[in-house]
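The values are calculated or read from the model by the stated rules, or taken from the named source; none is laboratory data. Fair warning: this is a prediction, and the values are worked out from it, not measured in the lab. Positions of Cβ are generated from backbone atoms using ideal geometry, with glycine treated the same way; all protein chains shown enter the neighbour counts.
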Amino acid sequence: MNDARQEATVSLDPAFEVAPVNRRVFGSFVEHMGRCVYGGIYDPGHPHADERGLRADVLELVRELGVSVVRYPGGNFVSSYRWEDGIGPLAERPRRLNLAWRCLETNAFGLGEFMDWAAEADIEPMMTVNLGTRGVAEACDMLEYCNHPGGTHLSDLRRKHGAADPYDIKLWCLGNEMDGPWQVGQKTPHEYGRIAAETAKAMRIIDPSIELVAAGSSNSGMATFGQWEATLLENAYDQVDYVSLHHYFDPDTTDADSFLASGVVMDRFISDVVSTCDAIGAKLRRTKRIGLSFDEWNVWYQSRFTEPGDREWIDSPALIEDDYSVTDAVVVGDLLLTLLRHADRVAIANQAQLVNVIAPIRTAGDGPAWRQTVFHPFALTARLARGVVLRTEPRGPRHDTDAHGEVPALSTVATRDPETGACVLFAVNRSRQPLDLSVDARALGDTTLAEHIVLADSDASATNSAAEPERVRPRTITPSGVDGGRCAVRLPAVSWNALRFNPR
Ligand code: AHR
């Protein structure tokens with residue numbers, strides 16, 4: 001690293017609208033995996049648990065995080081899950097093998113508990129049905145239990161279980177990562193396209209108001225990527241609303257500059273899936289456009305994960321409880337900016353997962369809950385991004401990376417609230433040198449730079465922990481003035497930034 005001066009420019013213009021900010025991009029994911037549910041959101045023995053076993057301190061952090069929608073109950077878990085194991089009297093619920101993570105599932109937490117938790121957390125539920133070991137009938141049963149008002153066996157069962165009104169769950173995922181060899185019940189593209197179409201068709205008969213997400217590729221490196229989406233949509237274009245994308249970014253598998261440029265990979269992945277969707281739409285002569293649901297994304301030190309092998313069958317073993325650094329938080333912030341830049345097509349996005357398992361929130365068994373570094377850019381973006389996404393065209397230095405070639409050092413996106421005229425410029429400095437950014441805000445009219453929030457640290461490897469939960473947190477820099485519609489700010493090396501412009 002050297003201290004050579006680097007300069008960049010960007011303009012803000014309310015005319016450059018991409019699409020409204022979709023609140024559903026601030027989604028998250030709760031899977032029956034590790035300590036996400038048991039010991040995470042639900043822990044009846046914990047001092048902070050309420051009478052239903054829901055951890056109140058975790059709920060408070062979930063609300064602070066600003067999560068809008070939560071996908072449940074998996075993930076790989078769902079592909080061998082029987083949803084009805086998790087309803088009705090606790091004492092009658094079966095203990096089962098969790099095949100995805102080779103551990104035991106008590107079923108103490110299920111559909112009803114999740115819906116109670118969702119109401120407390122003020123989030124929209126996004127349910128996944130099992131298309132691994134199960135099919136059309138069980139997906140229909142689950143939907144009937146959840147959304148049918150009453151007068152049938154399953155809807156009356158829900159009422160008997162205490163939910164008089166239908167849950168009215170709108171978002172449904174048709175299976176999970178069905179292309180993956182690790183998935184119980186893996187499918188070929190054709191097999192999946194057919195079962196997705198038939199399940200969707202039947203589910204819509206029960207409730208025409210639902211929105212359906214077909215499972216796309218598990219990541220852009222899958223051998224079948226592209227072909228999977230094309231075949232799926234040739235079979236199910238008319239039946240589904242969204243195609244899912246999943247991608248995890250592993251800091252251990254690339255050099256630091258390549259990892260810091262993870263947003264470039266996500267950006268290309270999104271563009272490629274949009275192209276495939278539109279190509280099939282054109283081939284089928286459809287005007288309907290398929291939306292994108294990026295329903296698993298995050299930083300994950302995946303190469304450190306060891307498969308369960310023949311581990312003993314135990315309850316909720318701690319799995320992939322990665323500690324996140326400042327660099328990881330900057331990458332997470334950049335990934336969110338990338339999702340916002342594609343607001344015209346990415347309608348839903350879920351950071352995976354919410355608590356303990358590669359998560360912004362961590363808990364200690366009998367102890368506290370705390371915010372990981374990655375909590376901060378998520379919470380701030382969810383809070384500050386309002387109104388409409390504005391396209392920005394930053395100009396600045398580029399640098400070489402081993403994995404992705406030359407990449408821009410600066411990543412930006414802006415949002416503007418048409419009601420108040422308030423505008424926020426989000427900027428990530430991916431380089432390991434500070435960047436002097438000159439912002440041309442003349443098109444915003446008479447404006448002031450109200451606040452410059454930064455997440456950066458002289459030690460980019462710093463983390464938060466139970467002992468030091470506030471070691472890494474955002475800080476506010478006293479902003480420079482806006483002169484003649486322009487202002488200058490310094491973006492620290494490896495930093496996530498939010499610049500709030502208010503009308504004067
Ligand atoms: O989030 C962890 C796992 O990653 C999910 O269960 C699966 O869908 C993905 O492979």
_I'd like to verify a number: residues in the stretch 198-207 that are free of Cβ contacts under 8 Å to residues at least 60 places away in the same chain and either surrounded by 21 or more Cβ atoms within 10 Å (Cβ to Cβ) or touching a Pro at 6+ places or on another chain (Cβ under 8 Å) (or both), how many?_
1
_Against the definition (in the same structural domain as ASP179 (by TED's automatic domain parsing) and buried (at least 16 other Cβ atoms within 10 Å of the Cβ)), how does VAL10 come out, yes or no?_
no
*asked:* Against the definition (in a strand (DSSP E or B) and more than 29 Å from GLY365 (Cα to Cα)), how does SER293 come out, yes or no?
replied: yes
_Residue among THR224, THR188 that alone is free of Cβ contacts under 8 Å to residues at least 24 places away in the same chain and assigned by TED's automatic domain parsing to the domain that holds TYR248_ = THR188
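When the residues of the stretch 337-356 are filtered to those that are under 19 Å from ARG289 (Cβ atoms) and assigned to a loop (DSSP other than H, G, I, E, B), which remaining residue is farthest from the ligand (Cβ to nearest atom)? Steps first, please.
From the stretch 337-356, those under 19 Å from ARG289 (Cβ atoms) are 339-349; that's our starting set.
Narrowing the set further to residues that are assigned to a loop (DSSP other than H, G, I, E, B) leaves 342-345.
On the way: HIS342: 21, ALA343: 24, ASP344: 26, ARG345: 22 Å.
Among those that are under 19 Å from ARG289 (Cβ atoms) and assigned to a loop (DSSP other than H, G, I, E, B), it is ASP344.
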*PHE77 is checked against (1) within 16 Å of the chain's Cα centre (by Cα); (2) within 16 Å of the ligand (Cβ to nearest atom); (3) not in a loop (DSSP other than H, G, I, E, B) and fails just one. What number does that condition carry?*
(1)
*Set ARG386, ARG362, ARG341: member being among the basic types (Lys, Arg), closer than 19 Å to VAL264 by Cβ, surrounded by 16 or more Cβ atoms within 10 Å (Cβ to Cβ) and touching a residue at least 60 places away in the same chain (Cβ under 8 Å)*: ARG341
_As an exercise: evaluate CYS423 against (1) over 21 Å from the mean Cα position of the chain (by Cα); (2) under 22 Å from ILE270 (Cβ atoms); (3) buried (at least 23 other Cβ atoms within 10 Å of the Cβ) and give the number of the one condition it does not meet._
(2)
_Cβ contacts < 8 Å: first residue in contact (Cβ under 8 Å) with a residue 24 or more places away in the chain, restricted to the stretch 134-162; second residue of a type in the set (Lys, Arg) and not in a helix (DSSP H, G or I), any location; separation 6+ or different chain. Result?_
ARG134/ARG82; GLU138/ARG82
*asked:* So, GLU296, is that one charged (D, E, K, R), closer than 30 Å to ASP344 by Cβ, within 15 Å of the ligand (Cβ to nearest atom) and within 23 Å of the chain's Cα centre (by Cα) or not?
replied: yes
*Would you call ASP85 at pLDDT 95 or above, surrounded by 15 or more Cβ atoms within 10 Å (Cβ to Cβ), over 18 Å from ILE123 (Cα atoms) and not aliphatic (A, V, I, L, M)?*
yes
*asked:* If a residue counts only when it is over 23 Å from PRO368 (Cβ atoms), which strands (runs of 3 or more DSSP E) contained entirely in the stretch 1-71 have at least 2 such residues?
replied: 7-11, 17-20
*In the stretch 220-241, which residues are surrounded by 18 or more Cβ atoms within 10 Å (Cβ to Cβ) and within 16 Å of the ligand (Cβ to nearest atom)?*
SER220, PHE225, TRP228
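Conditions tested, residue by residue: (1) surrounded by 22 or more Cβ atoms within 10 Å (Cβ to Cβ); (2) assigned to a loop (DSSP other than H, G, I, E, B).
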site	(1), (2)
ASP278	no, no
ALA282	no, no
LYS288	no, yes
GLU312	no, yes
ASP322	yes, yes
ASP328	yes, no
GLY333	yes, no
*Looking for whichever is away from the ligand (no atom under 16 Å from the Cβ), in the same structural domain as VAL69 (by TED's automatic domain parsing), within 18 Å of the chain's Cα centre (by Cα) and not aliphatic (A, V, I, L, M) here; the options are ARG289, ARG268. Which one fits?*
ARG268
*Being surrounded by fewer than 23 Cβ atoms within 10 Å (Cβ to Cβ) and closer than 21 Å to ASP417 by Cα is the filter; apply it to the stretch 17-41 and report the residue that is nearest to the ligand (Cβ to nearest atom).*
ARG24
_Can you tell me which condition ILE320 does not meet? The list is (1) at positive phi; (2) of a type outside the set (Gly, Ala, Ser); (3) in contact with a strand residue (DSSP E or B) (Cβ under 9 Å, 6 or more places away or on another chain), and all the others hold._
(3)
*Restricting the search to the stretch 104-113, which residues are surrounded by 23 or more Cβ atoms within 10 Å (Cβ to Cβ) and under 17 Å from ALA164 (Cα atoms)?*
LEU111
*How many residues, within the stretch 419-433, are farther than 11 Å from ALA498 by Cα and either in contact (Cβ under 8 Å) with a residue 60 or more places away in the chain or part of a strand (DSSP E or B) (or both)?*
8
